[in-house]
Amino acid sequence: QVGFIVGNQVASSAAASGPAIYNYTWLILQLPFGIVGVTVLTVVMPRLSRNAAAENGPAVLADLSLATRLTMVSLIPIVAMMTVGGPAIGSALFSYGNFGAVDAAYLGMAITLSSFTLIPYALVMLHLRVFYAREEAWTPTFIIAGITATKVVLSLVTPMIAVSTSSVVILLAAANGFGFIAGAVIGAFLLRRKLGTLEMAS
């Protein structure tokens, strides 16, 4: 919630359409994860929970490895498509009515520069499920805190480095992605400390 408030404040101070572009970008990125990532989590969670309850660390790592590989194989082509086709997506979905072509173009660029977010976001979601399955409900708090702190700091910095007020919103979308990169790194560190190596076994 803190990250959301700060992001909206910075976006609204940059442009009247800033909050809309900022939030629409995130909603669009949620769509492929909702289709791919949630499906993988739904399939893996029962066995992951069963192995975690049995305190079978190697089996938990194997489940995490499988879920990670399935998610990455599915999401990487989508990320590539959204990176290349961001402007076209923004124009096709939003270039009408009061949300004109200029705002749609900024939305498209925000999609292009933040589509990489899907990869660390998916990793964070997988890491959180492992901790929940192990009944370590407080550990995800450290991951979320790292994500929020990174996102807030970068969001506050964006107006200082943006070349124009309009580009602030584009950089905000990228800042959101770097927040999840921080979360994925923290999650991997905590998992390695608790379960050992996180090498993706074949």
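The values are calculated or read from the model by the stated rules, or taken from the named source; none is laboratory data. Bear in mind that the values here come from a model prediction, so they are computed numbers and not experimental data. With ideal geometry, Cβ positions are generated from the backbone for all residues, glycine too; neighbour counts draw on all protein chains shown. All accessible areas refer to the heavy atoms of the entire protein, side chains included, with ligands and DNA or RNA removed. Shrake-Rupley method; radii C 1.70, N 1.55, O 1.52, S 1.80 Å.
Would you check if there is a residue in region 94-116 being over 27 Å from residue 145 (Cβ atoms), out of contact with any helix residue (DSSP H, G or I) (no Cβ under 8 Å at 6 or more places or on another chain) and of a type in the set (Val, Ile, Thr)? Yes, region 94-116 has at least one match. Can you say whether residue 119 is touching a Gly at 6+ places or on another chain (Cβ under 8 Å), more than 20 Å from residue 167 (Cα to Cα) and of a type outside the set (Asp, Glu), as far as the supplied structure shows? Here the answer is no, as residue 119 does not meet what is asked. If you go through region 45-67 and pick out every residue that is charged (D, E, K, R), within 17 Å of residue 126 (Cβ to Cβ) and either at pLDDT below 85 or surrounded by 21 or more Cβ atoms within 10 Å (Cβ to Cβ) (or both), you end up with 1.
Looking at the structure I just gave you, is residue 178 more than 14 Å from the chain's Cα centre (by Cα), among the aromatic types (Phe, Trp, Tyr), open to solvent by 50 Å² or more (accessible area, probe 1.4 Å) and under 30 Å from residue 42 (Cβ atoms)?
On the way: more than 14 Å from the chain's Cα centre (by Cα): no; among the aromatic types (Phe, Trp, Tyr): yes; open to solvent by 50 Å² or more (accessible area, probe 1.4 Å): yes; under 30 Å from residue 42 (Cβ atoms): yes.
Taking the combined requirement at face value, the residue does not satisfy it.
For region 1-44, the tally of residues that are part of a helix (DSSP H, G or I) and open to solvent by 50 Å² or more (accessible area, probe 1.4 Å) stands at 16. Taking region 130-159 as the range and being at positive phi and part of a helix (DSSP H, G or I) as the test, no residue passes. Looking at residue 111, is it open to solvent by 30 Å² or more (accessible area, probe 1.4 Å), at pLDDT 90 or above and assigned to a helix (DSSP H, G or I)? It is false that residue 111 is open to solvent by 30 Å² or more (accessible area, probe 1.4 Å), at pLDDT 90 or above and assigned to a helix (DSSP H, G or I).
Is it the case that residue 133 is exposed (fewer than 15 other Cβ atoms within 10 Å of the Cβ), more than 18 Å from residue 20 (Cβ to Cβ) and either among the aliphatic types (A, V, I, L, M) or touching a Phe, Trp or Tyr at 6+ places or on another chain (Cβ under 9 Å) (or both)?
It is false that residue 133 is exposed (fewer than 15 other Cβ atoms within 10 Å of the Cβ), more than 18 Å from residue 20 (Cβ to Cβ) and either among the aliphatic types (A, V, I, L, M) or touching a Phe, Trp or Tyr at 6+ places or on another chain (Cβ under 9 Å) (or both).
When 77, 87 are checked against the criterion of being open to solvent by 60 Å² or more (accessible area, probe 1.4 Å) and either outside any helix (DSSP H, G or I) or closer than 29 Å to residue 184 by Cα (or both), a single residue qualifies: 77. From the list 59, 52, 110, 104, the lone residue that is small (Gly, Ala, Ser) and under 16 Å from the mean Cα position of the chain (by Cα) is 110. Can you run down the residue pairs with Cβ atoms below 9 Å, 6 or more apart or on separate chains, where the first is in region 156-168 and in contact (Cβ under 8 Å) with a residue 40 or more places away in the chain and the partner is surrounded by fewer than 18 Cβ atoms within 10 Å (Cβ to Cβ) and part of a loop (DSSP other than H, G, I, E, B)? From region 156-168, the pairs are 159/165; 168/162.
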